[in-house]
Amino acid sequence: LPTSTVIVTPNNTVFTGETVNLKCVIKSDHSDWRYEWYKGSRDNPMLQTSDHYTVNGDTLNIAKAISTDQDHYWCKGQRDGRPQSSHFSSLYLYVK
C-alpha cells in the first residue's frame, strides 16, 4: 500500500487561538484519492467540516486551536481503483 505522511503548518506545537493546517501527503502515482481524517483514534468517526474543523481534500484546518485539540490526528486515502487505500499516518498535535 502507498505510504502517507501528515505535514503540519506552522508546526506540531501550537498555542491556543492559532490556526493549524494538517496536510495528508500520499506517495503514489495516482491523484484520485479521497482523504479521511480522524482524531484521537483511527477507530473514531471520521472528522467532518464543522465550526471548528474544515476538511478540504487533503487538508484539515483547525481554526483557533483550543486545549482539547491536543491529540493524535490520523489520515488515510481511499480510491476506487487499485490500490484502494493507503497506509494510515498519524501526528500528535500539542496545544499550549
> Among (1) over 15 Å from THR5 (Cα atoms); (2) in contact with a Leu (Cβ under 8 Å, 6 or more places away or on another chain), which single condition is TRP37 missing?
Replying inline: (1)
> Which members of the range 1-37 meet the condition of being within 15 Å of SER85 (Cβ to Cβ), surrounded by 19 or more Cβ atoms within 10 Å (Cβ to Cβ) and in contact (Cβ under 8 Å) with a residue 60 or more places away in the chain?
Replying inline: SER4, CYS24, ILE26
> For the range 42-70, which residues satisfy the criterion of being within 13 Å of the chain's Cα centre (by Cα) and at positive phi?
Replying inline: GLY57
> Are any residues in the range 59-84 surrounded by 12 or more Cβ atoms within 10 Å (Cβ to Cβ) and acidic (Asp, Glu), and if so, which ones?
Replying inline: ASP69, ASP71
>> Return the pair list, or none, for Cβ contacts closer than 9 Å from residues in the range 42-65 that are more than 20 Å from VAL95 (Cα to Cα) to residues that are assigned to a loop (DSSP other than H, G, I, E, B) and of a type in the set (S, T, N, Q), at least 6 apart or on different chains.
In response: ASN56/THR49
> Which residue out of SER50, SER67, SER85 is touching a Gly at 6+ places or on another chain (Cβ under 9 Å) and more than 14 Å from ASN11 (Cα to Cα)?
Replying inline: SER85
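Coordinate-derived values only; no laboratory data. Note that this is a predicted model, so its numbers are computed, not measured. Backbone-built Cβ (ideal geometry, glycine too); neighbour counts: all protein chains shown.
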